[in-house]
1. Taking only protein heavy atoms and a 1.4 Å probe, what accessible area per residue, in Å², does the chain have with all protein chains in place?
2. Using just the helices of the chain, give the 222 nm mean residue ellipticity in deg cm²/dmol: DSSP H runs with n ≥ 4 each add -39,500 (n - 2.57), and the total is spread over all residues, rounded to 500.
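The values are calculated or read from the model by the stated rules, or taken from the named source; none is laboratory data. It should be emphasised that the depicted structure is a prediction, and the values quoted were computed from it without experimental measurement. Surface areas here come from the heavy atoms of the whole protein model, side chains and all, with no ligands, DNA or RNA. Shrake-Rupley method; radii C 1.70, N 1.55, O 1.52, S 1.80 Å.
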Amino acid sequence: MNEEAPYTVGEVCTLMRLSPKVVARLFEKEPGVIIYAVKNTLRKRAYRSIRIPRHVYARVVRRFTVG
(Lines give C-alpha, C1' and ligand atoms only; values in the text may rest on other atoms or scores of the structure.)
Protein backbone atom coordinates (compact mmCIF):
# COMPACT_ATOMS: atom_id res chain seq x y z
CA MET A 1 0.00 0.00 0.00
CA ASN A 2 1.61 3.24 -1.17
CA GLU A 3 -0.39 5.89 0.65
CA GLU A 4 0.85 9.46 0.98
CA ALA A 5 1.17 11.05 4.41
CA PRO A 6 -1.82 13.07 5.60
CA TYR A 7 -1.69 16.86 5.75
CA THR A 8 -1.19 18.75 8.99
CA VAL A 9 -3.32 21.76 9.85
CA GLY A 10 -0.34 24.01 9.02
CA GLU A 11 0.04 22.51 5.56
CA VAL A 12 -3.66 22.95 4.83
CA CYS A 13 -3.44 26.56 6.09
CA THR A 14 -0.77 27.21 3.48
CA LEU A 15 -2.71 25.49 0.70
CA MET A 16 -6.04 27.16 1.45
CA ARG A 17 -4.72 30.47 2.82
CA LEU A 18 -6.84 30.19 5.97
CA SER A 19 -6.04 30.49 9.66
CA PRO A 20 -5.36 27.39 11.78
CA LYS A 21 -8.59 27.92 13.74
CA VAL A 22 -10.68 28.03 10.57
CA VAL A 23 -8.98 24.92 9.15
CA ALA A 24 -9.46 23.00 12.42
CA ARG A 25 -13.16 23.93 12.53
CA LEU A 26 -13.61 23.09 8.86
CA PHE A 27 -12.09 19.60 9.14
CA GLU A 28 -12.70 18.45 12.73
CA LYS A 29 -16.04 16.78 11.99
CA GLU A 30 -15.19 15.45 8.54
CA PRO A 31 -15.30 11.64 8.25
CA GLY A 32 -11.81 10.20 7.86
CA VAL A 33 -9.91 12.95 9.71
CA ILE A 34 -7.52 11.66 12.38
CA ILE A 35 -7.57 13.50 15.71
CA TYR A 36 -5.06 12.70 18.46
CA ALA A 37 -6.16 14.21 21.75
CA VAL A 38 -4.48 14.34 25.16
CA LYS A 39 -6.59 15.38 28.10
CA ASN A 40 -5.62 17.79 30.84
CA THR A 41 -3.52 16.47 33.71
CA LEU A 42 -2.17 18.22 36.76
CA ARG A 43 1.09 19.07 35.02
CA LYS A 44 0.21 19.23 31.33
CA ARG A 45 -2.44 21.09 29.43
CA ALA A 46 -4.75 19.39 26.96
CA TYR A 47 -3.92 19.45 23.28
CA ARG A 48 -4.98 17.82 20.05
CA SER A 49 -3.27 17.10 16.80
CA ILE A 50 -5.29 16.86 13.59
CA ARG A 51 -4.18 14.99 10.47
CA ILE A 52 -6.15 15.40 7.26
CA PRO A 53 -5.88 12.57 4.72
CA ARG A 54 -5.34 13.82 1.20
CA HIS A 55 -8.59 12.29 -0.10
CA VAL A 56 -10.55 14.11 2.65
CA TYR A 57 -8.82 17.38 1.75
CA ALA A 58 -9.73 16.86 -1.93
CA ARG A 59 -13.36 16.09 -1.03
CA VAL A 60 -13.71 19.28 1.04
CA VAL A 61 -12.05 21.43 -1.64
CA ARG A 62 -14.43 20.00 -4.28
CA ARG A 63 -17.41 20.76 -2.04
CA PHE A 64 -16.38 24.41 -1.59
CA THR A 65 -15.18 25.07 -5.13
CA VAL A 66 -17.48 27.12 -7.30
CA GLY A 67 -18.14 25.86 -10.79
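1. On a per-residue basis, 84 Å².
2. -11500 deg cm²/dmol
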